[in-house]
1. Taking 30 Å as R0, compute the FRET efficiency from the Cβ-Cβ separation of A:E382 and A:C441 and round it to 0.05.
2. Using a 7 Å offset from the Cα along the Cα-to-Cβ direction at both A:R497 and A:S823, what is the distance between the two label points in nm, to one decimal?
3. Compute the length gained on full extension between A:E878 and A:A696: take 0.36 nm times their separation in residues and subtract their Cα-Cα distance, giving the result in nm to one decimal.
4. Run down the lysines and flag those whose C-alpha is under 29 Å from the C-alpha of A:K874, throwing out any fewer than 8 positions away in its chain.
5. Which order, highest average first, do A:183-194, A:256-267 follow once you tally other Cβ atoms within 10 Å for each residue and take the mean per peptide?
6. Tell me the mean residue ellipticity at 222 nm calculated for chain A from its helices only (DSSP H runs of n ≥ 4, each -39500 (n - 2.57), averaged over every residue, nearest 500).
7. Would you mind getting me the FRET efficiency between A:E685 and A:Q82? Use the beta-carbon distance for r and R0 = 35 Å, nearest 0.05.
8. Counting DSSP beta bridges with both partners in chain A, what percentage is antiparallel, nearest 5?
Amino acid sequence: MTKEHDIANAADMPKAYDPGAVEGRIYVWWEESGYFKPSDSDADPFVIIMPPPNLTGELHLGHALTDGVEDILIRWHRMLGQPTLWLPGIDHAAIAVHVLVERQLAAEGLTKYDIGREKFLERVWGFVNNSRSRIFGQHKRLGSSADWSRELFTMDPGPSRAVRAAFYQLYQAGLIYRGERLINWCPRCNTALSDLEVDHEERDGFLWHVRYPMLDDAGQPSGGYITIATTRPETIVADTAIAVHPEDERYRAFTGKKARLPIIGRELAVVGDDAIDPAFGTGALKVTPGHDPVDFEIGQRHNVPVVSAINPDGTMNGEAGPYAGMDRFDCREAIVRDLDAQGFLVKTEPYRHSIGVCDRCGTIVEPLISEQWFVAVNKEYEPGRSLSGEALRAVTDGAVQFLPPRFTKIYTNWMENLRDWCISRQLWWGHRIPVWYCDSCAAVNVPPPAVEAPESCDACGATSLRQDEDTLDTWFSAGLWPFSTLGWPDDTDDLRRFYPTDVMETAYEIIFFWVARMIMMGLFCMRERGDAFEKRVPFRYVYLHGLVRDDDGQKMSKTRGNVVDPIGLVDKYGADAVRFTLVTAAGTGQDQRLREEKIESARNFANKLWNASRFVIMQLDPSQKVATPSLADRASLPAEDRWVLSRLEKLVAEVDRLLNEFQLNEAGHRMYDFLWGDYCDWYVEVAKVRLRQDGAADPRPVLVHVLETGLRLLHPYMPFVTEELWGRLRPFMATPPSEALMIAPYPKSDAAWRDEEAERAVDGVIDVVRAIRNIRSEKKIEPSRPIEAYVVSNDARPAIEAGAPYIEALARVQPLHIVSDASEAPRDGVATAVLPHAQVIVPLAGLMDAGAERSRLEKEIAEAEVYAKRLQGKLSNEQFRSKAPRDVVAAEEDRLAAAQTRLEGLRRALEELG
RNA sequence: GGGCGAUUAGCUCAGUUGGCUAGAGCGUCUGUUUUACACACAGAAGGUCGCAGGUUCAAGUCCUGCAUCGCCCACCA
């Protein structure tokens, strides 16, 4: 099964990493080897499902980020041998497919309405079923994956048992009701919307002041007027009262009297209500319960009749008298004109205010009275328990934790002010409302889920029933996702084992739509599990990532047309590069701007790994397998081996810590820094020297081990390159930990590998190399020409001597003199670098510019003096010495000592320069 | 009207229990066909961490206020 990876030489590795070739091959290999397929064993409980490969434009980078984070967490847990982590994450793919199918239809000159609901869903499902992707692994607990994905992708009302069950249970508990309410209506989409689906936009408008004639007790004009201000004069035709603040002196005389509605002529009662702000406008409000949510509530309080004057399509109806049939905005103009002509318009002032807009299409939403289904979110279904109350307490009690924690407050604020949730939609995509009406007695039948469709009416027994035409808000269905996918309402093994899951991962903008609803639904539907929130919540952590914005910082949106197609970027730079960039580019929960250069540099990182592996493989011989370095033999290893192993160990420990804290970006950065900076730039270069040198210790075991471990660490972040490279390395390992990287154990920290002494020693050698390179560069010495150099060192002398071959090779020094005292080195015409534990002296003979060297040294001395002075000040402060932790004080003392040594060296060098 | 976030090198951003001569990538400058990699290597320049106070031995990090930008929520007609 590892046939693809039994490659024993580097000859077939191209010089540059080709993501396309690797990703395709790895994908096929994963599939053929069965790793991504459902398994019967508990050990491998994940299956990856694939969103369609060619979702261009619709599946944007935010989705890629979500998928990337989820995949990282899942792979990490799987490698840790903790397969119980399970994350939802499919919804956006479903939406994307719907949009895509709509687009396909458009290309054929059709709309979804032309082909009908059944055909439309059929196409959606066909699309999903025939496609696969090599990129964004969607994970799903194995089992009935076909069922749930079909359910989700098609929003097919038929087989949706969980939706039926939840609806039924909520209805039985009195939490779902049908009512005539004022709801948000989109005249273009022709559907009701929940409060959440309405966006508020600031727009310029006008505030029209209109006067209403007062009537005396006989119903005759009394000569008085009450002036009201409105932004929506077209709704005047539906006015049924006037409200003022009960304590407003100006209107006290009018309260309880009647007024006459201009144009229409209706009599309006003047009522007192606390909701009125006397300071706004004229202090008097026209009450239009049929077209304004505030007015609706005022109307309820004062028993004011409700008039609906606007049709669902946005035109005026018969109640609008002369304006019947007009569009609502044409009506506005006409009515303003008429009011003015008839002397009712007092004044018109420009006014900027916020208006509700459909979040799907941007059309101005019309509040309408309509019969819809609602969830009573604040109603107690048991003493002390309501959907919102439970959902609030589960979070305040800590059963669900938000990351980053600041989102907790956003959630609780919302939950505390929640109003009933309108769940019926006049759309096709969604599960159909499982309610049947009786044609003869009009009874409402909500049958238990076991009944597919009731045959007769519960109330009168008549057999003529019809199902509600409306569908459910998709978020109602989506809110059931954590357990509907696990077989609920049955008490399945899956449900027992995987509910609650560990982490819910999504963008912060989805908190209300989905996260909050899942928590509400979960707590209710799992109420049989008892009181403990821990058993009923759908997940313990909510990890929220930021939004991916475009280069200008704009939020990506389809309507704005600035969505970046992740597939195009994947084709260009590879899935690994795209994922690595998205995950590491910003802090947790922070928005990021996407710039292609970032992805390019992540691709370069992949290429770096590719070439480092290529180099390592070139040094290996398949007949001689390489053993893993063991702790027992560590003492015999050269310092640089112990150095890199020590640093690797620290990396492993840090990555473990960071991943446990969900600091994914930081963990990614650490791996990048280690693999590129420590391993490639230094260890590999040092190893080259040893490979060339007869009799030197064999670097190959460490070379392979560190690379192999690094690839394992990085695998969740860059699954494709790492799998490929690890697979190529595997044939050379004496004891490979597994057949494939994705099922290999995640590296574990073992502090015994730490070696501070080796780190100090090798860091000292690196400092020397850098110092000499710096001198070479500053003095413009030809890169290829070897130069003579002296390293003066006392305490670090053994380390420098051990590192001598590397100094010679990496800094091109020939010959290298290691001496214990500066007097043993030449003084004239030299460039000097003073390091904490060594001094580098490079004789320059003719190349030497004494003046330039002097000013350079002077500058360095000045800087070092400032630094040393600061440290001295700090250390001579008694407060610091007594209050700061001992190790901090000790560290400062070490720094000061080093700074002083350096300063002395610099001064001496300056003196010797004359 | 409330709430939240951001403000750190030319650009995009890290910096999560306060201890930093403040880092990365890109860009810039100077060099390099050094047999893994020019998707590279070596070297360098570049920041009073938005402003003003405060707490502390110590503040980019904590507190208060302010400014600018952005986001979310909200029934002010």
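The values are calculated or read from the model by the stated rules, or taken from the named source; none is laboratory data. Computed from a predicted structure; not experimentally measured. Positions of Cβ are generated from backbone atoms using ideal geometry, with glycine treated the same way; all protein chains shown enter the neighbour counts. Ligands, DNA and RNA are stripped out before the accessible areas are found, and what is left, the full protein with its side chains, is counted by its heavy atoms. Shrake-Rupley method; radii C 1.70, N 1.55, O 1.52, S 1.80 Å.
1. Plugging the Cβ-Cβ distance into 1/(1 + (r/R0)^6) gives 0.45.
2. 7.8
3. Full-extension gain reported as 60.4 nm.
4. Filter leaves A:K859, A:K883.
5. Listed from highest to lowest mean packing, they are A:183-194, A:256-267.
6. Calculated at 222 nm, the ellipticity per residue is -12500 deg cm²/dmol.
7. Values: r = 38 Å, r/R0 = 1.08.
Calculated transfer efficiency: 0.40.
8. 75
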